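Values quoted throughout were computed directly from the atomic coordinates according to the rules given, and no laboratory measurement underlies them. Because the structure is predicted, anything quoted here is derived from the model rather than measured. Quick reminder, even Gly has a Cβ in these numbers, built from the backbone with ideal geometry, and neighbours come from all protein chains shown.
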Amino acid sequence: MKETRKGMLLVISGPSGAGKGTLVSRLLEADPTFTFSVSVTTRARRENEIEDVHYHFISDAEYDKLLAEDAFLEHAGVHGHRYGTLKSEVYTRMENGQNVLLDIDPQGARTVMEKEKDCVSVFILPPSYHELKVRLHTRNTEDEEEIQRRLGNARGEIAQMDRYRYLIVNDTIELAWEKLAAIVRAEKQNSVRYLPEIDEN
Ligand code: 5GP
């Protein structure tokens with residue numbers, strides 16, 4: 001039997017500290033059909049981050065140039081910095097049947113959902129605001145001012161969760177992962193992207 005698959009565009013959002021990063025890494029490790037769309041950002045690189053793997057770290061001037069060239073599928077200001085998804089990270093891969101994963105904020109996700117109706121959108125929620133605060137402090141990647149900014153933004157982001165096709169509360173990473181894997185598995189069989197050709201014999 002022959003089959004054709006179109007690439008899936010999977011959009012994952014969630015407030016900082018909800019555990020989105022862990023789920024994204026898990027999916028990329030577990031499923032080689034997915035590639036990560038590396039965004040550009042004007043924020044500073046963190047110590048544990050690798051250039052061109054986690055982000056393309058660029059200057060404001062370079063960002064402006066990309067904007068002028070219409071290079072973005074979406075772009076947004078998040079927590080005081082600028083981020084954008086490059087069309088070049090997404091479309092060629094999808095045309096080749098690869099699945100593409102976007103880890104982007106709700107403003108960007110909204111743009112992508114409007115432009116790409118068949119995208120699969122997933123929002124990751126923390127089990128409580130208290131837990132979100134604890135996780136942001138424990139991971140120790142932002143200073144106190146940045147943590148407060150991210151906690152302040154979380155309520156607004158969570159208020160928009162009903163725009164997403166799927167919601168996952170990340171109370172334990174194992175259960176959340178099981179749910180994400182189930183969504184991906186089902187969406188691979190969605191007739192918008194999966195076309196089996198049935199033989200005569
Ligand atoms: P961080 O600075 O912690 O890496 O990311 C902050 C937020 O920016 C996260 O919610 C992340 O999903 C979002 N983000 C990362 N890349 C992009 C992008 O290309 N576009 C948009 N709209 N948001 C992004």
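For the chain, a crude dipole built from +1 on the beta carbon of Lys and Arg and -1 on the beta carbon of Asp and Glu, taken about the Cα centre, is about 440 debye to the nearest 20.
A helix-only calculation puts the chain at -11500 deg cm²/dmol for mean residue ellipticity at 222 nm, using -39500 (n - 2.57) for each DSSP H run of at least four residues, averaged over all residues. Relative intensity of region 2-195 on a log10 scale, I(q)/I(0) at q = 0.11, 0.14, 0.19 Å⁻¹, equals -0.49, -0.81, -1.52, per a Debye sum over C-alpha point scatterers of equal strength in the absence of solvent.
Farthest toward the positive end of the dipole of region 6-100, out of His54, Leu86, Leu9, is the Cα of Leu9, where the dipole comes from beta carbon charges about the Cα centre. In this structure the amide hydrogen of Gly7, modeled in the peptide plane, comes within under 5 Å of the amide hydrogens of Gly97, Gln98, none closer than 5 places in sequence on its chain. Pair-distance distribution P(r) for region 90-159, from all Cα-Cα distances in 5 Å bins starting at 0: 3, 13, 20, 19, 15, 11, 11, 7, 1 percent.
Can you pull the percent of Cα pairs in region 1-96 with separation above 20 Å? Beyond 20 Å sits 44 percent of the P(r) for region 1-96. The string of couplings for region 128-143 from the Karplus curve (6.51, -1.76, 1.60, θ = phi - 60°) is 7, 5, 4, 4, 4, 4, 4, 5, 5, 6, 5, 6, 6, 9, 10, 7 Hz, one whole number per residue in order, with x for Gly and Pro. Sequence-ordered 3J(HN,Hα) estimates for region 64-71 from the Karplus curve with 6.51, -1.76 and 1.60 and θ = phi - 60° stand at 4, 5, 4, 4, 5, 7, 6, 7 Hz, glycine and proline given as x. Using the average count of surrounding beta-carbon atoms within 10 Å as a protection proxy, the listed peptides 55-68, 104-117, 15-28 rank, highest first, as 15-28, 104-117, 55-68. Contact order for region 2-195, expressed relative to its length and based on alpha carbon pairs under 8 Å spaced 6+ residues apart, stands at 34 percent.
Under the simplified labelling scheme, the Ala186-Val169 pair shows an inter-label distance of 1.8 nm, with each label point 7 Å from Cα along Cα→Cβ. Charge tally for Gln148 (other residues, Cβ to Cβ under 14 Å; Lys, Arg +1; Asp, Glu -1): -1. Model label points for Glu146 and Glu114, set 7 angstrom from Cα along the Cα-to-Cβ axis, are 3.0 nm apart.
Output the peptides 72-82, 153-163 sorted from most to least packed, where packing is the average of other Cβ atoms within 10 Å over each peptide's residues.
Values: 72-82: 17.2, 153-163: 14.1.
By packing density, highest mean first, the sequence is 72-82, 153-163.
Could you check the simple spin-label distance between Lys87 and Glu197, using points 7 Å along Cα→Cβ, in nm with one decimal? Label-label distance for Lys87 and Glu197, simple model: 3.0 nm. For the chain, the number of Lys pairs with C-alpha atoms closer than 24 Å, counting only pairs eight or more positions apart or on separate chains, is 22. For Arg82, the residues whose amide H sits under 5 Å from its own are Thr42, Arg43, ignoring neighbours fewer than 5 places away on the same chain, with H placed 1.01 Å from N. Toward the positive end of the charge dipole of the chain, with +1 on the Cβ of Lys and Arg and -1 on the Cβ of Asp and Glu, the farthest Cα among Pro196, Val100, Gln160 is that of Gln160.
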